[in-house]
Amino acid sequence: MSNNWPRPEPSLVTVWVLARRELHDALRSRWFALDTLAFVLLGLAVAFVSGSGTGEGLAGFGRTTAGLVNLVTLIVPLMALTAGAGSIAAERERGMLPYLLSQPVSRWEVLAGKWLGLSLALSTAILLGFGVCAMAVAWRGGTSQGASQLLLLAGLSVALAIGLLGVGMVISVVSRRTSVATGLAVFTWLLFAFATDLGLMASTLTWRLTIQSIFAACLVNPLQAFKLWALDAAGIPLDVLGPVGQYAVDHHAHSLAWLAAGSLAAWAIGPGVIAAIAFSRRAAA
Amino acid sequence: MIHIERVNMSFGALHVLRGASLEVAAGEAVALCGGNGAGKSTLIQCVTGVHRYRGSISVGGFDVARQGKSARRLIGYVPQELAFRDEMRVDEVVRFYGALRGLRRVDVPSVLRQVELDGHARARSRVLSGGMKQRLALAIALLGEPPVLVLDELSASLDVDGRESFLRLLVGLRGEGRTVLFASHRPEEVEILAGRVAWIEGGRIVERLTRSGTAAGSRAVVSGQATKEIDHVEQLATA
């Protein structure tokens, strides 16, 4: 028996070992295949619909980008929330979490490893989706004008996914069963995607909110922050969003990207910290 | 090597451990015995850092609560219920846990050979039987040659032949000077492997019995003060 025990690995090495495993498993999973396939098909459909009337079948990069903003606003949060929700809850339900935590790893390393691995998997799915759309547009002779906007939208979509992954992981940490976690993730997605808009409309009518308050409320919702940023970055006039868009153009034309980035960063970091605290206090089994 | 002092642990309103204390010296093999629900597995999972607890547990001088990673580096753990990711192959499982233990290279064939799983390196973990999973868990527990082995119901899923070879392997490991703490219901395991028996009841270690006391039916040291007649080790397991 050796007396030279391996020295504790630096935390980042352990995080990378766990992240690589998570990425590997995600890439082989059905959710990854289905999410990527859905994203590709819907992206191609958007490209076709955006190009209808041009006589070319597929739209160019610019129109495709504009069409993809709404698709991303709906699909990517659902992908991120459900992926995050399954991360810890699934391992707990299948009895693998106690065994993992009995290894020389800390809880924050497990959480960080899963977050990093899932971030990479989601990024891969999104970039694959965008890549196929871009190839299809280019194949049908779309002009390169607007290609950089599509690239930028892909980057922002990754940021949106990473922003919401932490929320999914909070759900996962507090849920005992995967089915409950997935249900809560879908409910959260509905809240972000639809209920907050309706609530904002109702609040505006009831309390006669100022345009500044409505703009601030939009920035608090990561989906709306993403939409404002993506449309602005794509060069699409924000007045298509109504008075809030007009207010953003008039008063925050130069700072809108920073405000939206701050919102997404806060959503990426805040829930991540909450998940870490909750995970450190929750029972493993 | 393992120092457990006044450990309390509860699942909600259910108090599972109530001031459990136990010392396991380096190179010693201690069996944790007791009835169902006595707290054996919970105590073992506290030692491996899976559960939060009140009290103090240290392994090799490392506090499990505050220096958990360093403490667990010294422990090879074989749980009662085993679950690996279904899609992972046996060699992937070994490499993954080896990497978590800080090993840059793992000689998978020799690791699997020592637990008689050679030939199954490419099998998916979902096709392994309970006994094979248990042997795989032992192979993982031995990665990096940790000085402490912690086993929960060490041969729960093994058949008679598998149990015998598993016990032979453990006796050999104990002979190498490893510290062993294990929970068991089986008298023959306790008799073969344990140098000492700790009896857990109602979440407390109520008796600490020497091997001579358990095997020969002689008087055994109980709780460090009182003594108790134990006729045979089977009484321990069936009481």
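The values are calculated or read from the model by the stated rules, or taken from the named source; none is laboratory data. Just so it is clear, the model here is predicted, and its values are computed rather than measured. When we count neighbours, we look across all protein chains shown, and the Cβ atoms used for this are built from the backbone with ideal geometry, even at glycine. Side chains included, ligands, DNA and RNA excluded: accessible areas come from the protein's heavy atoms. Shrake-Rupley method; radii C 1.70, N 1.55, O 1.52, S 1.80 Å.
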Just to confirm the number: angle between the C-alpha axis of helix B:90-100 and the first principal axis of chain B, 0 to 90 degrees, nearest 10? 70
Going by the alpha-carbon gyration tensor, a ≥ b ≥ c the square roots of its eigenvalues, is chain B rounded (a/c under 1.5) or, if a/c is not under 1.5, prolate (a/b greater than b/c) versus oblate? prolate
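Sum up the charges of everything whose Cβ sits under 10 Å from the Cβ of B:S125, counting Lys and Arg as +1 and Asp and Glu as -1, but leave B:S125 out.
On the way: positive: B:R85, B:R89, B:R124, B:R126, B:K133; negative: B:D86, B:E87, B:E92.
Taking every Cβ under 10 Å from that of B:S125, the sum is +2.
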Using a 1.4 Å probe, how large is the accessible area of B:M1, given in Å² and rounded to the nearest 10? 70
Whole-Hz couplings from phi, Karplus 6.51/-1.76/1.60, listed for the stretch B:56-71; x for Gly and Pro: 9, 9, 10, 10, x, x, 9, 6, 5, 6, 9, 10, x, 5, 5, 5
Counting Lys +1, Arg +1, Asp -1, Glu -1, what net charge surrounds A:V180 among other residues with beta carbon under 13 Å of its beta carbon? +2
What whole-number value in Å² describes the accessible area per residue of the stretch A:12-281 for a 1.4 Å probe? 44
³J(HN,Hα) computed for each position of the stretch A:256-267 - Karplus, 6.51 cos²θ - 1.76 cosθ + 1.60, integer Hz, glycine/proline x: 4, 4, 5, 5, 5, 5, x, 4, 5, 5, 5, 5
For chains B and A, what's the summed buried accessible area, probe 1.4 Å, to the nearest 100 square angstrom? 3300
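What shape does the protein assembly as shown have by the C-alpha gyration tensor, where a ≥ b ≥ c are the square roots of the eigenvalues, rounded means a/c under 1.5, and otherwise prolate means a/b greater than b/c and oblate the rest? Provide the component values of the computation, followed by the final result.
Working: a/c = 3.33, a/b = 2.25, b/c = 1.48.
Cα axes put the protein assembly as shown in the prolate bin.
Once every DSSP H run of n ≥ 4 in chain B is given -39500 (n - 2.57) and the sum is divided by its residues, what mean residue ellipticity at 222 nm do you get, rounded to the nearest 500 deg cm²/dmol? Mind dumping the intermediate values first?
On the way: 9 runs with 78 residues, N = 239.
Helices in chain B give a 222 nm mean residue ellipticity of -9000 deg cm²/dmol.
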Other-chain or far-sequence residues with amide H under 5 Å of B:D152's (modelled H): B:V78, B:Q80, B:A183
Principal axis dimensions, largest first and in whole angstrom, of the stretch A:12-281 by Cα: 59, 51, 31
Rounded percent of accessible protein surface that carbon and sulfur make up, the stretch B:43-106, 1.4 Å probe: 40
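In a shell of Cβ-Cβ distance under 14 Å around A:Y247, excluding A:Y247 itself, what net charge do Lys and Arg (+1) and Asp and Glu (-1) give? Please report the intermediate quantities before stating the final value.
Working: positive: none; negative: A:D232, A:D239, A:D250.
Once all neighbours under 14 Å are counted, the net charge is -3.
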Given the whole protein assembly as supplied and a 1.4 Å probe, what does the accessible area of B:D118 come to in Å², nearest 10? 80
For A:K227, go through the aspartates and glutamates and keep the ones whose alpha-carbon is under 18 Å away, minus same-chain ones fewer than eight residues off. A:D197, A:D239, A:D250
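Which whole number gives the average, over all residues in B:65-72, of C-beta atoms from other chains lying within 10 Å of the residue C-beta?
On the way: counts 0, 0, 1, 6, 10, 4, 1, 7.
Partner Cβ neighbours, averaged per residue: 4.
Please figure out what share of the DSSP beta bridges in chain B is antiparallel and state it in percent, rounded to the nearest 5.
Taking every DSSP beta bridge within chain B, about 60 percent pair in antiparallel fashion.
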Check: C-alpha center the stretch A:167-186 vs C-alpha center the stretch B:59-117, spacing in Å is 28
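Over the whole of B:39-52, what's the average partner chain Cβ count within 10 Å per residue? Rounded to a whole number, please. Walk me through the numbers before you get to the answer.
Numbers: counts 0, 0, 1, 1, 0, 1, 6, 0, 1, 6, 9, 9, 5, 5.
Average neighbour count from other chains, rounded to a whole number: 3.
Please give the calculated 222 nm ellipticity per residue for chain A, where each DSSP H segment of at least 4 residues contributes -39500 (n - 2.57) and the sum is spread over every residue; nearest 500 deg cm²/dmol?
-26500 deg cm²/dmol
Could you sort the peptides B:142-152, B:10-20, A:83-93, A:29-39 by per-residue average Cβ neighbour count (10 Å cutoff), highest mean leading? Kindly include the intermediate steps, with their values, before the conclusion.
Details: B:142-152: 22.5, B:10-20: 14.6, A:83-93: 25.1, A:29-39: 16.4.
The densest-packed peptide leads the list: A:83-93, B:142-152, A:29-39, B:10-20.
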Candidate aspartates and glutamates for bridging to B:K133, where Cα separation is under 15 Å - those fewer than 8 sequence places away on the same chain excluded: B:E81, B:D86, B:E87, B:D91, B:E92, B:E116, B:D118, B:D152, B:E153, B:D159
When chain B is treated as a GNM, springs tying every alpha-carbon pair under 10 Å, which of B:R135, B:R66, B:R204 comes out with the largest mean-square fluctuation? B:R66
